[in-house]
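The values are calculated or read from the model by the stated rules, or taken from the named source; none is laboratory data. Bear in mind that the values here come from a model prediction, so they are computed numbers and not experimental data. Cβ sites come from the backbone with ideal geometry, for glycine too, and all protein chains shown count toward neighbours. Surface areas here come from the heavy atoms of the whole protein model, side chains and all, with no ligands, DNA or RNA. Shrake-Rupley method; radii C 1.70, N 1.55, O 1.52, S 1.80 Å.
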Amino acid sequence: MNRYFPFFPPEASTTARGVDGLYFFMLTVCGLTTLLVAVLVIVFAVRYHEKQHPHAAHIEGHAALEVFWMVIPFGIFMVMFGWGARLYFTQNRPPNNAIKITVVGKQWMWKIQHAEGQREINALHVPVNQPVELSLISEDVIHDFAVPAFRLKMDVLPGRYRTTWFQATQTGTFHLFCDQYCGTQHSKMIGEIIVMEPDAYRKWMSTSLTMGSPAFEGQRLFQGLSCISCHRADSGARGPSLSGLYGQPVHLADGTTVTADENYIRESILYPNAKIVAGFQPIMPTFLGQLNEEQVLDLVNYIKSLAPQEQTQPYSNRTTPPAGPRPMETKTYPQ
Amino acid sequence: MSTLTAQPLSPQPLAPELPANHYLNESHGLKSWLLTTDHKRIALLYMASITLMFAIGGIFAMLMRLELLTPPADLVSDDTYNKLFTMHGIIMVWFFLIPSIPTTLGNFLVPMMIGAKDLAFPKLNLMSWYLFNIGAVVTIYAILSGGVDGGWTFYTPLSTGYLNSHVVAAATGIFIAGFSSILTGLNFIVTTHRMRAPGMTWKRLPLFMWSNYATSVILVLATPVLAITLALVAVERLLHFGIFNPALGGDPVLFQHLFWFYSHPAVYIMILPAMGVISELISTFSRKRPFGYAYIAGSSIAIAAFGFVVWAHHMFVAGISVYAALVFSLMSYAVSLPSAVKVFNWTATLYKGSISYRTPLLYALGFLGLFTVGGMTGLFLAALGLDVHIHDTYFVVAHFHYIMVGGTIMAYLGGIHYWWPKISGRMYPEVWGRLSALLIFVGFNLTFFPQFILGYLGMPRRYHAYPPEFQVWHVLSTAGASILGVGYLLPLIYLTWSYKNSPVAGPNPWGASGLEWQTQSPPITHNFVTTPIVTREAYDYTGIPAPALAVRSEEEASTYVS
């Protein structure tokens with residue numbers, strides 16, 4: 001029956017069960033209420049038909065009854081509200097031990113990059129039973145990364161990183177949709193989430209064609225764009241040192257303080273004059289239009305990877321070398 | 001002055017005749033219509049305009065349903081499909097649903113229900129009809145010159161930087177039509193405050209007036225925000241000012257805040273007048289004062305007020321903060337409470353009434369069913385964690401069609417049938433009326449109920465092609481849409497036919513209590529011979545005889561169609 005008349009999508013993530021639980025609770029409550037109203041309407045319509053009941057009674061109303069049917073629904077609504085809010089907080093708080101994957105949406109494809117450099121288009125391979133954190137950004141219009149089997153959905157905005165997560169609970173291939181209308185081929189901006197056993201996933205990772213890791217690529221850009229000539233650790237540098245910057249408070253020239261998160265770093269690359277670090281001159285040129293979103297992501301990842309005072313060390317000395325083949329001259333994508 | 005309302009009319013003669021002079025035969029010729037300031041004639045002009053727009057929007061819908069019959073894209077190209085759903089939305093929202101009840105039944109009834117000769121500003125009323133038509137013509141120009149895609153929601157930066165279709169023309173059409181909304185709302189507010197007949201206190205206002213008043217406040221307050229938002233879209237698109245597009249330094253989420261600040265209250269512009277109609281129909285056909293009059297009236301005002309603080313529930317996955325989402329979820333539950341109160345009060349009104357199953361009541365009961373399902377599924381969408389899954393899927397599509405189409409059109413057609421004797425002076429064929437109500441109810445549920453299931457399965461909105469496992473529900477939906485189409489077509493045919501051929505109705509064929517039934521059908525241009533003095537409470541049926549007209553029994557009803 002389910003094959004021909006499917007009612008529910010696969011329940012394939014840790015949040016899916018919670019969402020379905022609320023769904024069934026609401027179906028029950030709302031179904032019973034609708035039934036109650038329908039039965040009352042039908043009973044009244046039959047019982048008080050003009051033939052049986054030619055003279056209507058005069059009834060103004062009933063204050064206690066009004067209070068009753070305001071208070072009871074309100075109580076039920078608050079249960080729905082609280083339950084929904086709790087799920088939402090879970091959906092918006094990635095666990096700390098998650099694998100990090102970046103997603104770039106553009107008309108009309110999903111470009112995905114793994115932390116170790118594997119890149120895919122319109123497909124995402126992940127291991128089962130392991131939290132996965134997605135960092136999403138769009139290169140053009142608003143898209144929406146939706147995986148019904150995981151009860152996962154998030155608008156992917158241009159100009160801003162957003163974060164969501166999931167933990168798959170069963171292996172298999174699941175739909176990936178773009179759920180926000182994004183132009184002519186919106187309905188072709190689809191893909192697959194392939195959930196694999198850990199062994200199969202490791203094998204896939206080691207055999208997939210890769211670039212260097214995003215941080216490695218970022219380091220190449222950092223040197224190629226001569227960022228290093230200003231952003232040095234010594235006292236005479238024209239730009240602030242980026243060592244250990246990520247996650248730290250930054251004091252700005254206007255006296256305010258911001259936290260150096262991904263969005264701040266991105267903004268400082270593309271709109272360098274938006275926030276000037278205290279003690280420095282607004283002399284940095286913009287890289288708007290010179291870097292695509294993936295390159296910006298690479299730079300952000302490189303800057304995130306810089307431990308305090310480690311900036312001048314070559315990247316290859318770090319403890320986690322990029323997996324897979326070393327960088328290629330031109331970017332090509334598997335599939 | 002007469003004391004019309006103090007003394008209920010005596011039982012009507014069995015075969016009433018059309019009055020010699022009324023607003024339809026007062027003057028003749030195209031000019032007498034195009035330059036009229038009579039609120040009743042303007043109501044009919046609006047009815048013609050919005051019926052035409054409904055037909056255009058409906059054809060777009062049927063083409064979409066045909067395309068969706070099979071999973072692959074086969075009937076139309078992707079660009080054509082995208083234009084179809086965009087233009088279906090634009091036309092149905094701004095050129096049918098928003099004007100539907102206020103400009104037709106509202107225009108016709110507001111002065112009559114309060115015992116006035118016309119609206120406060122009759123010329124402004126005519127001007128708003130012209131503005132509406134100019135807006136409609138500009139929008140139709142956008143369609144004929146190649147169409148527009150991007151969805152009726154105009155989300156940025158897609159609409160401002162990435163579309164090659166006629167975005168600015170369509171937005172200009174909506175912008176112009178918006179002024180028609182504002183003027184109509186203004187006219188109703190002033191009329192309700194200043195034009196009530198002696199004795200027509202606020203507590204004696206029919207519930208239709210209360211909901212129409214609440215609607216007018218929204219029209220006046222919310223529509224300018226839409227106008228500003230669309231103007232900003234045009235400015236960014238034409239002049240490349242960075243407002244919404246991040247590549248130009250703008251913020252795309254800002255657009256959504258502005259757009260939904262209008263477009264969420266716009267849903268209440270559609271449903272509040274419908275609720276007013278339903279209160280009238282249920283009261284008349286159970287011959288009983290609505291249960292909890294003050295609560296129904298108050299809930300209209302509460303909906304209008306709360307309706308302004310729920311807009312971001314359209315944006316739970318769009319990039320607002322978790323805590324903002326929390327507030328908007330809570331407010332969304334708050335706004336659903338007065339709607340629930342209305343449903344319970346309408347149900348209680350039937351209790352110990354004297355109920356006759358006339359066509360308008362069947363429409364009203366159909367409304368009750370569809371509105372309850374639509375409202376309940378709104379609770380699902382207001383639950384944050386659940387909305388993440390069903391947002392932007394067919395679940396949303398089904399939900400808002402249940403409210404905006406199921407609810408509003410059921411009430412609109414129910415109201416048209418109920419006041420048709422007043423508008424035209426004649427009855428309509430009862431059997432056909434009941435059949436149309438039934439067809440629309442069945443067709444509607446078959447069209448849109450499967451879409452709830454599709455939505456939970458994950459079928460995204462605005463998809464031209466879809467995975468094959470979703471097909472069965474799409475087939476049911478398309479089948480339902482064809483029944484629904486027939487259901488909508490029927491009243492157009494038999495009401496037109498009845499205008500010449502049906503029995504004459506007489507002033508008060510339903511034994512209703514409202515002031516509009518205390519004057520002849522069709523009324524004279526100034527509605528009442530002398531200004532009525534109101535001495536009775538609203539919905540006081542004492543002394544008003546039950547309907548004497550012939551359509552009471554099935555046998556007699558069948559004679560009208562044979």
task = Enumerate the calculated ³J(HN,Hα) couplings along region A:85-90 in order (Karplus 6.51 cos²θ - 1.76 cosθ + 1.60, θ = phi - 60°), each rounded to whole Hz, writing x wherever the residue is Gly or Pro.
result = 5, 4, 4, 5, 5, 4
inquiry  = Apply the Karplus curve 6.51 cos²θ - 1.76 cosθ + 1.60, θ = phi - 60°, to the phi angles in region B:404-410 and return the couplings in whole Hz, x for Gly and Pro.
reply    = 6, 9, x, x, 5, 6, 4
key: Where A:ARG238, B:ARG358 fall by accessible area, highest first, once all protein chains stay in place (1.4 Å)   = A:ARG238, B:ARG358
message = Can you tell me the length gained on complete extension of the stretch B:GLU26 to B:THR80, counting 0.36 nm per residue apart and subtracting the Cα distance?
response = 14.7 nm
key: Area accessible to solvent at A:HIS58, 1.4 Å probe radius, in Å²   = 140 Å²
query = By per-residue mean of other Cβ atoms within 10 Å, what is the highest-first order of B:155-165, A:66-76?
reply = B:155-165, A:66-76
message = Per-residue Cβ counts within 10 Å, from other chains only, averaged over A:90-103: what number is that?
response = 1
ask   = How high is the relative contact order of chain B, given as a whole-number percent (alpha carbon pairs under 8 Å, six or more residues apart)?
value = 22 percent
query = Once label points are set 7 Å from the Cα along Cα→Cβ at both B:ILE228 and A:TYR271, what is their separation, rounded to one decimal in nm?
reply = 2.1 nm
ask   = For chain B, the longest stretch holding no GluC sites (Glu not before Pro) located in a DSSP loop with at most 14 other Cβ atoms within 10 Å is which?
value = B:18-536
key: Exposure of B:HIS28 as accessible area (Å², to 10), given a probe of 1.4 Å and all protein chains   = 140 Å²
query = Where both partners of a DSSP beta bridge lie in the protein assembly as shown, what percent of those bridges are antiparallel, to the nearest 5?
reply = 70 percent
message = From the phi angles alone, apply the Karplus equation (6.51, -1.76, 1.60; θ = phi - 60°) to region B:532-545 and give each ³J(HN,Hα) in whole Hz, x where the residue is Gly or Pro.
response = x, 10, 8, 10, 10, 6, 5, 6, 9, 8, 5, x, 9, x
task = First measure r as the distance between the Cβ atoms of A:ILE59 and B:ILE301, then evaluate 1/(1 + (r/R0)^6) with R0 = 30 Å and state the FRET efficiency to the nearest 0.05.
result = 0.85
task = Obtain the nm distance between the two label points defined at A:GLU197 and B:THR496 by a simple spin-label model: each point lies 7 Å from its Cα along the Cα-to-C-beta direction.
result = 6.9 nm
query = For region A:38-67 and region B:228-249, what is the separation of their C-alpha centers, rounded to whole Å?
reply = 55 Å
ask   = Averaged over A:145-152, how many beta carbons belonging to a partner chain fall within 10 Å of each residue's beta carbon?
value = 4
key: Theoretical gain in end-to-end length, A:PHE74 to A:ASP234 [0.36 nm per residue, Cα-Cα removed]   = 51.3 nm
request  = Among B:ALA169, B:TYR81, B:LEU365, flag the residue with its Cα farthest along the positive direction of the charge dipole of region B:30-561, charges on Cβ as +1 for Lys/Arg and -1 for Asp/Glu.
outcome  = B:LEU365
query = Nearest 10 degrees, 0 to 90: what angle lies between the long axis of helix A:214-224 and the longest principal axis of chain A (Cα atoms)?
reply = 40 degrees
message = Modelling each spin label as a point 7 Å along the Cα-to-Cβ direction, I'd like the B:ALA55/A:LYS51 distance in nm, to one decimal.
response = 4.0 nm
note = On the formula 1/(1 + (r/R0)^6), with r taken between the Cβ atoms of A:ALA98 and B:VAL472 and R0 of 35 Å, the FRET efficiency rounded to 0.05 is 0.40
remark   = Helix-only [θ] at 222 nm, chain B, -39500 (n - 2.57) per DSSP H run of 4+, per residue, nearest 500, equals -21000 deg cm²/dmol
In chain B, lysine pairs closer than 17 Å at Cα, eight or more apart or cross-chain = 10
Sequence-separation-based contact order of chain A, relative, with Cα cut under 8 Å and 6+ spacing, percent = 17 percent
task = Using a 10 Å cut-off on Cβ to Cβ distances, tally the other chain neighbours for every residue of A:62-68 and report the average as a whole number.
result = 4
task = For region A:214-305, calculate the relative contact order in percent as a whole number, restricting contacts to Cα pairs under 8 Å that are 6 or more residues apart.
result = 39 percent
note = Restricting to lysines and to Cα separations under 30 Å from A:LYS203, and discarding same-chain partners fewer than 8 apart, the set is A:LYS100, A:LYS106, A:LYS111, A:LYS153, A:LYS188, A:LYS304, A:LYS331
task = Leaving ligands, DNA and RNA out of it, rank A:TYR161, B:TYR357 by accessible area with a 1.4 Å probe, largest first.
result = B:TYR357, A:TYR161
inquiry  = Using a 1.4 Å probe on the protein heavy atoms only, what accessible surface does B:LEU379 show? Give it in Å² to the nearest 10.
reply    = 10 Å²
